[in-house]
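S.K.: Questions regarding the structure given below will be posed in turn.
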Amino acid sequence: MARRAADAALLPLALERDESLPLHRQLYDQLRDLILSGRLSAGARLPSTRTLARDLGVSRNTVTGAFDQLLAEGYLVGRVGAGSYVSEELPEDALSARQIEAPEPFAAHPRRRGLSNRGDRLARLRKVGGVKSVAFTPGLPDLDAFPFDVWSRLMSKAWRRPPRDLLANAEPAGYLPLRQAIARYLRAVRGVRCEAEQVIVVSGAQQAIGLAAHVLMDEGDAALVEEPGYSGVRGALTAAGARQIAVPVDAEGMDVAWAERCAPEAKLACVAPSLQYPLGITMTLARRLMLLDWAQRRDGWILEDDYDSEYRYAGRPLAALQGLDRDGRVVYIGTFSKVMFPSLRIGYLVAPADLIDPFRFARTALDDHPSTVAQPALAAFMEEGHFAAHVRRMRKRYKDRQDALLAAVRARLGDALAIEPAEAGMHLVARLTPKLTARMDDQTARRLAAEAGVNVSALSSFYAESLGGQGLLLGYAAVPEEETAAHVERLARALGV
């Protein structure tokens with residue numbers, strides 16, 4: 001039995017020409033809602049495209065475009081010579097009698113359906129959102145000073161006529177010339193004992209930590225982490241199923257004796273001995289030797305995150321902990337993100353010599369191989385001396401910017417923030433004085449700074465278990481000296497000083 005066509009004049013359709021959505025999309029959305037709400041019932045015949053276009057005052061192409069989309073998605077069916085009809089095969093739960101309104105906004109804290117315990121722990125590790133400001137974002141390099149003219153030339157040269165192996169047969173451990181360049185650099189500058197075969201290219205320090213944890217630990221094994229410490233370490237270990245034990249950091253670095261007493265079952269230690277994050281402490285030689293002795297006696301492992309080791313302003317860069325290791329207990333980790341630019345996403349891991357194959361095979365199982373797009377250019381960048389030259393330039397520039405920040409904070413915020421110079425790195429820790437803590441904590445200070453357009457990190461957020469210290473991390477690497485005082489002034493006004 002033929003069904004009568006729906007009267008176009010009676011359909012509640014209204015198209016607005018000044019809307020951001022195109023007319024055909026508006027018509028599609030409205031017809032779909034009429035179908036899903038049941039106001040256009042299953043089997044109902046729609047007006048012809050010519051009739052609907054005339055009644056709505058739009059072109060026939062507009063109506064045809066909306067109908068074609070509805071037909072493609074199964075809301076309508078077309079019958080040759082008979083027009084378009086609402087599909088009778090839509091699911092019953094879609095054909096409700098309720099009115100379809102604008103979708104409800106997402107809840108601020110949506111229900112975590114079906115998450116595993118690990119998934120729930122990972123979801124709780126979300127970072128505090130920052131503001132779009134270079135002042136004073138910790139860890140952000142001076143992107144304006146990077147030699148992008150050189151970099152673009154090397155990228156163009158690498159991909160003008162790339163060899164087939166670079167396109168189709170990626171090596172799981174990474175591009176061999178890059179691994180060779182990294183090994184030479186680490187031997188010469190960081191005192192790392194390694195060959196190119198031990199280097200595995202990864203997307204960054206977090207991926208390296210996760211890879212090492214998968215290879216060296218079983219689900220539920222205990223790992224020592226620094227307290228306070230880098231949240232990326234915690235996230236990578238959580239993803240690998242490790243049980244984390246927060247070990248206090250004092251003026252000499254991770255308290256190894258405390259770990260021996262309180263966590264005798266630990267199998268792995270994650271440390272940043274050259275420059276602890278966020279405190280900026282360098283682990284003493286005595287503590288390094290204690291940690292190596294712990295790993296040998298416990299049949300354990302050490303993940304050495306060589307954070308910001310390039311930027312040392314007092315004396316020569318310290319040799320890596322891995323260079324002291326004679327038992328193959330240290331997995332060395334580094335990244336190019338802080339030295340070059342964050343979106344490069346290239347880091348590296350140096351595996352113990354006797355674990356090269358397990359690490360390579362695990363890399364293949366977890367992630368197949370790293371992207372090779374930027375690796376040839378980075379290899380040439382290092383081989384031609386551009387990398388070393390860039391580090392030298394930035395070391396001088398960052399030292400000047402640290403000095404400018406110190407002077408500005410002491411002059412304008414001396415009563416509120418206690419700040420001392422750092423021998424290395426890209427940020428300073430400014431401790432809240434009693435005068436400021438009487439009015440606010442560092443989380444409140446961070447929020448007020450963000451509202452004023454200044455991006456800082458709260459020191460307390462880097463503590464996993466203890467209350468921790470009260471302070472602000474102020475990154476200076478991306479802030480020109482001539483702009484520092486103005487940004488400090490904004491911060492002072494935000495804090496009410």
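S.K.: Say the dipole of the chain comes from +1 at the beta carbon of Lys and Arg and -1 at that of Asp and Glu; which of Ala44, Ser457, Gly204 then lies farthest toward its positive end?
M.R.: Ala44
S.K.: Using Cα pairs under 8 angstrom and six or more residues apart, how large is the relative contact order of region 171-371, in percent?
M.R.: Values: 384 pairs, mean separation 54.4, N = 201.
Normalised by residue count, the contact order of region 171-371 is 27 percent.
S.K.: Right, here's the next one. Go through Ala416, His487, Met440 and say which Cα lies farthest out towards the positive end of the charge dipole of region 389-494; charges sit on Cβ, +1 for Lys and Arg, -1 for Asp and Glu.
M.R.: Working it through, the farthest residue towards the positive pole turns out to be His487.
S.K.: What Rg and what Dmax come out for region 389-494 when only alpha-carbon atoms are used, in angstroms?
M.R.: Over region 389-494's Cα set, Rg and Dmax evaluate to 13.8, 47 Å.
S.K.: Turning to a different aspect of this structure: Just to check, using Stokes-Einstein with a Kirkwood Rh over alpha carbon pairs, what's the diffusion coefficient of region 171-371 at 20 °C and 1.002 mPa s in µm²/s? Could you put the intermediate results ahead of the total?
M.R.: Details: Rh = 16.7 Å.
In µm²/s, the coefficient is 129.
S.K.: Moving to a separate point now. If you compute volume of the Cα convex hull per residue in Å³ for the structure shown, which of (1) 171; (2) 152; (3) 227 do you land on?
M.R.: Recomputing volume of the Cα convex hull per residue in Å³ here gives the entry labelled (3).
S.K.: Also, quick follow-up: For the chain, what is the number of Lys pairs with C-alpha distance below 20 angstrom, counting only pairs 8 or more positions apart or on separate chains? Working shown, then result.
M.R.: Working: Lys127/Lys338; Lys132/Lys338; Lys338/Lys396; Lys338/Lys399.
Step by step, the pairs that qualify in the chain add up to 4.
S.K.: Moving on to the next point. To the nearest 0.05, what FRET efficiency results for Phe148 and Arg490 with a Förster distance of 45 Å applied to their C-beta separation? Can you show the working numbers first?
M.R.: Working: r = 29 Å, r/R0 = 0.65.
Rounded to the nearest 0.05, the efficiency is 0.95.
S.K.: Phe361 versus Glu260, label points 7 Å from Cα toward the beta carbon: distance in nm?
M.R.: In this crude spin-label approximation the distance works out to 3.5 nm.
S.K.: May I ask which residue of Pro370, Trp258, Leu176 lies farthest towards the positive end of the charge dipole of region 171-371, with charges of +1 (Lys, Arg) and -1 (Asp, Glu) on Cβ and the Cα centre as origin?
M.R.: Leu176
S.K.: Figure the gain on full extension for Asp120 and Ala388 (residue separation times 0.36 nm, minus the Cα-Cα span) and round it to one decimal in nm. The partial results should precede the final answer.
M.R.: Details: separation 268, 0.36 × 268 = 96.48 nm, distance 4.24 nm.
Full-extension gain reported as 92.2 nm.
S.K.: Working from Cα positions, state the angle (0 to 90°, nearest 10) between the long axis of helix 442-451 and the longest principal axis of the chain.
M.R.: Rounded to the nearest ten degrees, it is 50.
S.K.: Could you tell me the relative contact order of the chain? Use alpha-carbon pairs under 8 Å, at least six residues apart, and round to a whole percent. Show your work: numbers first, answer last.
M.R.: Details: 829 pairs, mean separation 82.6, N = 497.
It rounds to 17 percent for the chain.
S.K.: For Leu268, what residues show an amide H to amide H distance below 5 Å, using hydrogens built from the backbone and excluding near sequence neighbours?
M.R.: Here the answer is Leu224, Trp301, since their amide H atoms fall under 5 Å of that of Leu268.
S.K.: Just from its helices, what would the mean residue ellipticity at 222 nm be for the chain, if runs of 4 or more DSSP H residues each count -39500 (n - 2.57) and the sum is divided by every residue, rounded to the nearest 500 deg cm²/dmol? Display every interim value, and only then the final one.
M.R.: Values: 17 runs with 190 residues, N = 497.
Theoretical 222 nm ellipticity from helices: -11500 deg cm²/dmol.
S.K.: Here's something else I'd like to know. Give, as a single signed number, the net charge of other residues whose beta carbon lies under 15 Å from the beta carbon of Phe361, with Lys and Arg counted +1 and Asp and Glu -1.
M.R.: Neighbour charge sum, excluding Phe361 itself: -4.
S.K.: Given the Cα-Cα distance of Val80 and Asp415 and 0.36 nm per residue of separation, how much length would full extension add, in nm? Don't skip to the end; give the middle numbers.
M.R.: Values: separation 335, 0.36 × 335 = 120.60 nm, distance 8.25 nm.
Answer, rounded to one decimal: 112.4 nm.
S.K.: Report the charge-dipole magnitude of region 8-86 in Debye, nearest 20, computed about the Cα centre from +1 at each Lys and Arg Cβ and -1 at each Asp and Glu Cβ. Don't skip to the end; give the middle numbers.
M.R.: Numbers: 9 positive and 8 negative charges, 75 e Å.
Here region 8-86 has a charge dipole of around 360 debye.
S.K.: Would you mind checking the tilt of helix 481-494 against the longest principal axis of the Cα atoms of the chain, expressed as 0 to 90 degrees and rounded to 10?
M.R.: Between helix and principal axis, roughly 70 degrees.
S.K.: Right, another one. Note the angle between two axes, namely the Cα long axis of helix 205-216 and the longest principal axis of the Cα atoms of the chain, as a number of degrees from 0 to 90, rounded to the nearest 10.
M.R.: 80
S.K.: Is there a quick way to get the dipole size of the chain? I mean about its Cα centre, with the Cβ of Lys and Arg at +1 and of Asp and Glu at -1; what is the value in debye to the nearest 20?
M.R.: Working: 63 positive and 61 negative charges, 164 e Å.
So the dipole magnitude of the chain works out to roughly 780 debye.
S.K.: Follow-up. Between Phe136 and residues 5 or more places away or on another chain, which pairs have amide H atoms under 5 Å apart, with H built 1.01 Å from N, and which residues are they?
M.R.: Close amide H contacts, sequence-distant or interchain: Asn455, Val456, Gly475.
S.K.: Which FRET efficiency value, to the nearest 0.05, is calculated for Asp165 and Ser20 with the Förster distance at 45 angstrom and r the Cβ-Cβ distance? Mind dumping the intermediate values first?
M.R.: Details: r = 48 Å, r/R0 = 1.06.
Between Asp165 and Ser20 the formula returns 0.40.
S.K.: Per residue and in cubic angstrom, what volume does the convex hull of the Cα atoms of region 259-361 have? Provide the component values of the computation, followed by the final result.
M.R.: Working: hull volume 13.4 nm³, N = 103.
Enclosed volume per residue, from the Cα hull, is 130 Å³.
Only the coordinates and a few stated rules stand behind these numbers; no lab work does. What you see is a predicted model; the values in this text were computed from it and never measured. Glycine also receives a Cβ, built like all others from the backbone with ideal geometry; neighbour counts cover every protein chain displayed.
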